[in-house]
1. Just tell me how shielded A:84-91 is by partners: mean number of partner chain Cβ atoms within 10 Å of each residue's Cβ, no decimals.
2. Given a Förster radius of 41 Å and the C-beta distance between B:ILE67 and B:ASP41 as r, what FRET efficiency does 1/(1 + (r/R0)^6) yield to the nearest 0.05?
3. Treat each spin label as a single point 7 Å out from the Cα along the C-beta direction, and report the B:TYR19 to A:ASN118 distance in nm.
4. From a point 7 Å beyond the Cα of A:ASP14 in the direction of its Cβ, which residues of the stretch A:77-106 have a backbone N at a distance under 17 Å?
5. Can you tell me how much longer the chain between A:ASP38 and A:LEU111 gets when fully stretched, taken as 0.36 nm per residue apart minus their C-alpha distance, in nm with one decimal?
6. How far is it, in nm, from the label point at A:ALA55 to the one at B:LYS2 when both lie 7 Å from their Cα along the line to the Cβ?
7. Would you mind giving the mean number of other chain beta-carbons within 10 Å of the Cβ of each residue in A:48-59, as a whole number?
8. As an exercise, use a Förster radius of 45 Å and the Cβ-Cβ distance of B:THR51 and A:ARG125 to find the FRET efficiency, rounded to the nearest 0.05.
Amino acid sequence: MTEQSGAETSGALDRVLTELRALSEDIESCAVLSGDRDLLSSSHASAVDRERAGALLAALADLSNGAAREGGKDYASQVRIGTEAGHLLLVRLDGGGVLAATTGPDARVGLVLYDMRNTRGEVDRILAEGNEQ
Amino acid sequence: MKKLLRRLVLLGAIAGGIYAVRSYLRGGTAATESVQIVFDDGSTRSLASNTAEGREFADIARSIVEIGL
């Protein structure tokens, strides 16, 4: 991926995530983590916060795949974690990456996951096009 | 009537005692957080946050929810 195509991919992902947040009002923040565990798109402007969020997300993605292997499965396709402060939702992408979102505690999580699964195809397409260039 | 009331109070005290002992033996923490994982074959696994594995997921998730993505 060249620097220019990387910027195009990042811009396209930002647009898709903005659309997802507009569609699903319960989403407070969302991000895309690549199969190589790079945070490709995030609502954080600060590099430090992005790095921290990316590292935590990568740890969680690896943990869920570990749970899959432990149970004799290939991978975790969806993870839903409810905490007192809100929910964290992960949907797996084609190349092993993750589309992630956080919501408040009273969010309609089923609907958010439905919107995330619908958005997944668009994110996969952008990432595949980015890899071709 | 008085005798029946006394028996009811005694019964309530015993039930409360049993509940307290059970809660204490379970570690005293209720599973307020939950983890649900759906795998590639469609099967699902749920982890309660009062288990070691569930706690690991919940701790990371709580940090992410707090700082946002």
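Any read-out appearing in this document is the output of simple, stated calculations on the displayed coordinates, not a laboratory observation. The structure presented is a predicted model; accordingly, all values stated were derived computationally and were not measured. Please note: Cβ atoms are built from the backbone with ideal geometry, for glycine as well, and neighbour counts cover all protein chains shown.
1. Mean number of neighbouring Cβ atoms from other chains: 5.
2. Working from the Cβ atoms, E equals 0.80.
3. Taking the two extended label points, one gets 4.4 nm.
4. Within reach of a label on A:ASP14: no residues.
5. Separation in residues times 0.36 nm, less the Cα-Cα distance, equals 23.6 nm.
6. So the label points at A:ALA55 and B:LYS2 sit 7.1 nm apart.
7. The mean count of partner-chain Cβ atoms within 10 Å per residue comes to 3.
8. 0.75
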